[in-house]
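This report refers to the structure that appears directly beneath it.
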Amino acid sequence: MSLENTITEAIKTAMREKDKVALDSLRAVKAQIMLLKTEARGAEVTPEQEIAILQRMIKQRKDSYDQFTAQGRADLAEVETAQMQVIEKFLPKQLTAEELETEISGIISETGAESLKDLGKVMGVASKALAGKSDGKSISEMVKKLLS
């Protein structure tokens, strides 16, 4: 079942349960998927593109959460957190720090990287291999840590 179909079913469930936060979050995800399909002009939306949409939406909510927290708006920050939790349910299981370190160590040895000069080479492979399993910031920080 595609992400779009899964989201549609989740929207129906949220409507039945009168879960406003979930409904708002899921409708936003569906809107982004529909927008991507419109831009693709009939081309099939890949699972990687769907995961990228979810990750981007979570990142936007994290940024909003940080801004609301800095401005002392706990009520709005709470809404962003709740929406993040709803969206995260549709992402693949995220890697722990230890799992991420193991994966990146393997990629470093595979690419033959030895120093921070090889950061770009490792990041290219790691970003593709770990897409959806970890965010780009975590991958970058771990690569820098292991290469230094």
(Q) Being under 18 Å from the mean Cα position of the chain (by Cα) and in a helix (DSSP H, G or I) is the requirement here; does residue 12 meet it? (A) no
Q. Considering 124, 136, 132, 106, which residue is surrounded by 15 or more Cβ atoms within 10 Å (Cβ to Cβ) and either of a type outside the set (Asp, Glu) or in contact (Cβ under 8 Å) with a residue 40 or more places away in the chain (or both)?
A. 132
Q) Is it the case that the stretch 87-97 has a residue that's under 28 Å from residue 8 (Cα atoms) and part of a helix (DSSP H, G or I)? A) yes
Q.
If I filter the stretch 36-46 for residues that are closer than 15 Å to residue 90 by Cα and either assigned to a helix (DSSP H, G or I) or in contact (Cβ under 8 Å) with a residue 12 or more places away in the chain (or both), do I get at least one hit?
A. no
Q: Scan (1) in the same structural domain as residue 126 (by TED's automatic domain parsing); (2) modelled with pLDDT of 90 or more; (3) of a type in the set (Val, Ile, Thr) for the single condition residue 29 breaks and write down its number.
A: (1)
(Q) Tell me the residue from 111, 81 that is among the hydroxyl-bearing types (Ser, Thr, Tyr), surrounded by 13 or more Cβ atoms within 10 Å (Cβ to Cβ) and within 28 Å of residue 23 (Cβ to Cβ), please. (A) 81
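The values are calculated or read from the model by the stated rules, or taken from the named source; none is laboratory data. Quick caveat: nothing in here was measured; it's all calculated off a predicted structure. Note: ideal-geometry Cβ built from the backbone for every residue, glycine included; neighbour counts use all protein chains shown.
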